C-alpha cells in the first residue's frame with residue numbers, strides 16, 4: 001500500500017470534511033477517537049493511515065482511486081470541467097447506462113483495448129461520477145497527470161470531463177461512445193467549474209426556448225413568489241421618503257427588461273464567457289482610415305458568476321438595453337465561447353452572424 | 001469618464017479645451033489647438049507654464065483668480081506629449097551595446113514600482129557604497145528573527161549609464177540557495193531630467209525604485225531606505241491615462257520576431273463584483289492595434305499626444321458599444337499587457353525584453369516625477385536660481 005499517496009490525498013481534505021469523506025469511502029472503519037484528539041490535520045491523517053495499515057485489508061490503487069473520487073465530488077469546484085455532447089444514438093446498449101457497476105464493467109472492457117487503467121464509478125444523486133487513471137508503463141505507480149474525472153448523467157447525451165491529455169483523448173472518447181451506444185462526440189464550447197450549472201446549461205441548449213421558460217426556472221410557476229419579491233424591494237427603497245429618485249422611470253424600464261430577458265431565478269454559474277468578434281470596426285467616426293481594415297477583438301467576461309453579473313449590467317447603467325441577440329440568448333445557447341463573425345457577402349450590410 | 005483623478009489633465013490657462021474631444025470633424029481642429037497649447041505652456045520642463053521665477057505665492061494667486069475652477073494646488077502638469085523613441089544618446093546601436101548597463105536583472109520578473117523622494121546624503125563612490133551594503137545587512141540582521149543573522153548577502157552597487165547617470169542597484173541574496181528564488185533585486189534610478197539636476201546640494205534625486213523579491217524583504221529594504229536617507233518610499237499606482245501611455249509604448253516598440261500570437265490585452269474593472277462579474281478583458285491582435293494607433297496618431301514615434309490615445313480608447317469604446325451595448329467608459333482600465341510589457345494599476349510591472357528596458361524606465365521615471373511634489377519643487381527652485 002502506498003502510504004505516501006494515501007497521506008497526500010487524505011491531507012487534501014479539509015478537516016471538518018474528513019469524517020464524512022471517510023464514511024463515504026468506506027474502506028476503513030474509523031471510530032470517533034481518531035478525530036477526538038483534535039490538533040493539526042496531519043496528526044489526524046497519521047492516525048487514519050495507521051488505522052488503515054492495522055486493519056489488514058490491502059488499500060490498492062482502486063481504493064485510492066475511490067478516495068480521490070470522493071475528494072473530487074466534494075471539491076468539484078476546484079476543477080475545470082468541459083462538456084461534450086453525444087449524437088447518433090444507437091438503440092442497442094441501453095442497459096449499460098443504468099447502474100454504476102454495469103457502467104464500470106462495460107467501460108472498463110472497452111478501455112482495456114487501449115491501455116491499462118484503473119477505473120472507479122460511483123453514483124451520486126442522479127449522476128455517475130467516474131475516476132479513471134491511465135497507467136502507461138508500470139501497473140503499480142500512481143500517476144496523477146493521467147487521471148481523468150468524468151461526470152455522466154444517464155439518459156442524457158452529455159458528459160463532463162476534466163482536461164484529458166491529448167494523446168489519450170480520442171481513445172477515451174471512443175471507448176465512451178462504444179459503451180453508451182453513440183456514434184459521435186463533440187465538444188460543446190462549454191466549460192466551467194460548477195458541474196450542475198454546466199448540466200443545466202447543456203440541457204437548456206437543446207430544448208425549445210419559448211415553452212420551457214417555466215422549466216428553466218425563468219418564470220416562477222407560483223404566483224405568490226413574485227409579489228413577495230416586489231414587496232421586499234419596495235420595502236428597501238421606501239425607507240427614506242425624502243429621497244426621490246429622478247430616474248425612477250429609467251430604472252424601472254431597465255429592471256423590467258432584465259426580468260423579461262433573463263428571468264427571476266438565479267442563473268447557472270459560469271466563470272468565463274468569451275466572445276470572439278471578427279466584424280467590421282465600428283469606430284464611430286474616430287478612425288476613418290480603419291473602415292476597410294479587419295479588426296478582431298476578443299471580449300472575455302470573467303468573475304464568480306458571470307451570468308448573474310451580466311444580468312446586473314443593465315440595471316447598473318453600464319450596459320444599455322436592448323441587448324443584442326447574442327447577449328440575450330446567452331443562457332440558452334449552452335456555450336462559453338462564442339464566435340461572432342461577419343458574413344462577408346458583397347453588398348450586404350453588417351450582419352453579425354452567430355457561428 | 002473615470003479619468004485621472006490626481007494628475008491635472010486640464011490645463012488651467014488653456015481656453016475652453018475639453019478632454020473628450022468629439023470625434024470626426026473636430027479631430028484636426030482640437031489636435032492643432034493642443035499642439036499650440038504645448039508650445040505655449042511647455043509641457044514638462046517649466047512647470048506652471050508661465051516660466052515665472054517665484055514659487056508658491058504667485059501660483060496660488062492665479063488659482064485664486066479662477067475661482068470657479070477650484071483645482072487642487074499641483075504645480076506640475078501631466079505632459080500631453082511623449083516621445084516613444086529614445087533620445088539619440090541612448091539609442092541602442094550595436095557599437096554602443098557594450099556601454100549600456102546590464103538591465104537583465106529587471107527583465108521577466110514581476111517588479112513592484114515605487115516612487116521615492118530625494119535621498120539625503122547618498123554617497124555613490126566606492127566607500128559610500130560599502131557603507132550602504134554594511135548598513136543594509138545590519139538592518140536585515142536586526143529584523144531577522146532567525147538566530148542565524150547572516151542569512152542574507154547584500155550588495156549595493158552603482159550602475160553607470162551612457163550619459164553619466166548613476167543608478168543604485170541593491171541585491172540581497174540568500175546564502176543557502178542559489179539562483180533567484182527568495183532573493184531580492186532592486187534598482188533606484190532616474191532616467192529623465194537633466195543629469196546636472198541629479199544632485200541638489202545634499203540631495204540625490206533617484207525617484208524611481210523597482211523591486212522584485214519576497215514581500216518581507218521588500219518591506220525591509222524600504223524601511224532601511226527611509227531610515228538611512230530620510231526619504232519616503234511610496235508604492236506607485238497607475239491611473240488609466242498612465243496605462244494608456246504604457247500601452248502605446250508597448251505597441252510602438254513591439255518586437256516583430258515571434259510569429260506567436262501577439263495580442264494587446266486590456267482589462268477593465270467592473271464594479272459588479274458582488275453580482276458576479278469581475279472584469280471584462282479585451283484582446284486585440286497587435287497588428288490591428290498598431291493599425292488603429294497609426295490611424296489616429298500623426299507621428300507615433302516622436303510626438304505622441306495624449307489626446308490621440310484618447311481617440312484610440314474612444315474608438316474601442318464605440319466598437320464595444322456598437323456590438324455589445326456596453327459602455328466601456330463607465331469602467332476603469334486596470335491592466336495593460338503587450339508582448340513587451342505588462343502593467344497594472346496597483347503598480348506591478350513586468351518587462352519582457354531587455355532592449356526596451358531603458359525606454360520603459362524613462363516612462364516610469366516621468367510618472368514618478370509627476371507624483372512626488374518634493375522632487376518637483378526642488379527642480380523648480382533650482383531652475384529659478386538660473
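The values are calculated or read from the model by the stated rules, or taken from the named source; none is laboratory data. Not measured: the values here are computed from a predicted model. FYI the Cβ positions are ideal-geometry reconstructions off the backbone, even for glycines, and counts take in every protein chain you see.
Looking at segment A:316-337, which of its residues are more than 9 Å from chain B (Cβ to nearest Cβ), in contact with a helix residue (DSSP H, G or I) (Cβ under 6 Å, 6 or more places away or on another chain) and surrounded by fewer than 20 Cβ atoms within 10 Å (Cβ to Cβ)?
Once the filter is applied, which keeps residues that are more than 9 Å from chain B (Cβ to nearest Cβ), in contact with a helix residue (DSSP H, G or I) (Cβ under 6 Å, 6 or more places away or on another chain) and surrounded by fewer than 20 Cβ atoms within 10 Å (Cβ to Cβ), segment A:316-337 yields A:328, A:332.
So, in segment A:65-98, how many residues would count as being outside any strand (DSSP E or B) and at pLDDT 85 or above? Walk me through how you get there before you give the answer.
The first filter runs over segment A:65-98 and keeps only residues outside any strand (DSSP E or B), leaving A:65-80, A:88-98.
Then keep just the ones that are at pLDDT 85 or above; that gives A:65-80.
Number satisfying all stated conditions: 16.
In segment B:174-185, how many residues are within 13 Å of residue B:105 (Cα to Cα) and in contact (Cβ under 8 Å) with a residue 12 or more places away in the chain?
The qualifying residues number 4.
Yes or no: residue A:18 at pLDDT 80 or above and under 27 Å from residue A:116 (Cβ atoms)?
Working: at pLDDT 80 or above: yes; under 27 Å from residue A:116 (Cβ atoms): no.
Taking the combined requirement at face value, the residue does not satisfy it.
Those residues that are part of a loop (DSSP other than H, G, I, E, B), closer than 20 Å to residue B:308 by Cα and facing chain B (nearest Cβ under 7 Å), I need them from segment A:278-308; list them, please. Show your work before the answer.
Within segment A:278-308, the first condition is being part of a loop (DSSP other than H, G, I, E, B), and the residues that meet it are A:279-287, A:291-296, A:304-305.
Pick out the ones that are also closer than 20 Å to residue B:308 by Cα and you get A:281-287, A:291, A:293, A:295.
Passing the criteria: A:281, A:282, A:283, A:284, A:285, A:286, A:287, A:293, A:295.
Residue B:342 - would you say it is within 14 Å of another protein chain (Cβ to nearest Cβ) and free of Cβ contacts under 8 Å to residues at least 12 places away in the same chain? Give the derivation first.
Details: within 14 Å of another protein chain (Cβ to nearest Cβ): no; free of Cβ contacts under 8 Å to residues at least 12 places away in the same chain: yes.
Here the answer is no, as residue B:342 does not meet what is asked.
State the number of residues belonging to segment A:258-276 that are part of a strand (DSSP E or B) and touching a helix residue (DSSP H, G or I) at 6+ places or on another chain (Cβ under 6 Å).
Taking segment A:258-276 first, the residues part of a strand (DSSP E or B) are A:272-276.
Filter again for touching a helix residue (DSSP H, G or I) at 6+ places or on another chain (Cβ under 6 Å), leaving A:273.
Number satisfying all stated conditions: 1.
Return the residue satisfying two criteria in turn: it lies in segment B:297-307 and is at pLDDT 80 or above and under 17 Å from residue B:338 (Cβ atoms), and of such residues it is nearest to the other protein chains (Cβ to nearest Cβ).
Among those that are at pLDDT 80 or above and under 17 Å from residue B:338 (Cβ atoms), it is B:297.
Considering only residues that are in a loop (DSSP other than H, G, I, E, B) and in contact (Cβ under 8 Å) with a residue 24 or more places away in the chain, look in segment B:260-284 and name the one that is farthest from the other protein chains (Cβ to nearest Cβ). Steps first, answer last, please.
Initially, segment B:260-284 is screened for residues in a loop (DSSP other than H, G, I, E, B), giving B:260-262, B:273-276.
With in contact (Cβ under 8 Å) with a residue 24 or more places away in the chain added as a condition, the list becomes B:261-262.
Details: B:261: 11, B:262: 12 Å.
Checking each candidate, the answer is B:262.
Which numbered condition trips up residue B:186, out of (1) at pLDDT 85 or above; (2) surrounded by fewer than 18 Cβ atoms within 10 Å (Cβ to Cβ)?
For residue B:186, the failing item is (2).
Can you find, within segment A:176-191, the residue that is modelled with the lowest pLDDT among those that are in a helix (DSSP H, G or I) and under 22 Å from the mean Cα position of the chain (by Cα)? Before you say what the answer is, go through the steps one by one.
Going residue by residue through segment A:176-191, those that are in a helix (DSSP H, G or I) are A:176-180.
Of the ones still in play, those that are also under 22 Å from the mean Cα position of the chain (by Cα) are A:176-177, A:180.
Details: A:176: 88, A:177: 87, A:180: 83.
In this case the residue turns out to be A:180.
So, in segment A:159-170, how many residues would count as being surrounded by fewer than 21 Cβ atoms within 10 Å (Cβ to Cβ) and either at pLDDT 90 or above or not assigned by TED's automatic domain parsing to the domain that holds residue A:122 (or both)?
Final tally of qualifying residues: 1.
Kindly provide the set of residues from segment B:285-296 that are within 7 Å of chain A (Cβ to nearest Cβ) and either surrounded by fewer than 17 Cβ atoms within 10 Å (Cβ to Cβ) or touching a helix residue (DSSP H, G or I) at 6+ places or on another chain (Cβ under 8 Å) (or both), ordered by number.
Looking only at segment B:285-296, we keep the residues that are within 7 Å of chain A (Cβ to nearest Cβ), and these are B:285, B:288, B:291-292, B:295-296.
Once the filter is applied, which keeps residues that are within 7 Å of chain A (Cβ to nearest Cβ) and either surrounded by fewer than 17 Cβ atoms within 10 Å (Cβ to Cβ) or touching a helix residue (DSSP H, G or I) at 6+ places or on another chain (Cβ under 8 Å) (or both), segment B:285-296 yields B:291, B:292, B:295, B:296.
Quick one: in segment A:263-277, of everything that is over 23 Å from residue A:77 (Cβ atoms) and crowded, with 16+ Cβ neighbours inside 10 Å, which residue is farthest from the other protein chains (Cβ to nearest Cβ)?
To start, the set of residues in segment A:263-277 that are over 23 Å from residue A:77 (Cβ atoms) comprises A:263-264, A:275-277.
Subset that is crowded, with 16+ Cβ neighbours inside 10 Å: A:263, A:275-277.
On the way: A:263: 15, A:275: 8, A:276: 9, A:277: 6 Å.
Here the residue is A:263.
Is it true that residue A:309 is within 30 Å of residue A:80 (Cα to Cα) and touching a residue at least 12 places away in the same chain (Cβ under 8 Å)? Quick ask: steps written out before the conclusion?
Details: within 30 Å of residue A:80 (Cα to Cα): yes; touching a residue at least 12 places away in the same chain (Cβ under 8 Å): no.
Against the criterion (within 30 Å of residue A:80 (Cα to Cα) and touching a residue at least 12 places away in the same chain (Cβ under 8 Å)), residue A:309 does not qualify.
For segment B:321-336, indicate whether the set of residues that are more than 11 Å from chain A (Cβ to nearest Cβ), within 22 Å of residue B:238 (Cα to Cα), in contact with a strand residue (DSSP E or B) (Cβ under 8 Å, 6 or more places away or on another chain) and assigned to a helix (DSSP H, G or I) is non-empty.
No, the conditions are met nowhere in segment B:321-336.
Does residue A:300 count as within 23 Å of the chain's Cα centre (by Cα), surrounded by fewer than 17 Cβ atoms within 10 Å (Cβ to Cβ), within 25 Å of residue A:83 (Cβ to Cβ) and modelled with pLDDT of 90 or more?
Working: within 23 Å of the chain's Cα centre (by Cα): yes; surrounded by fewer than 17 Cβ atoms within 10 Å (Cβ to Cβ): no; within 25 Å of residue A:83 (Cβ to Cβ): yes; modelled with pLDDT of 90 or more: yes.
Criteria not met by residue A:300.
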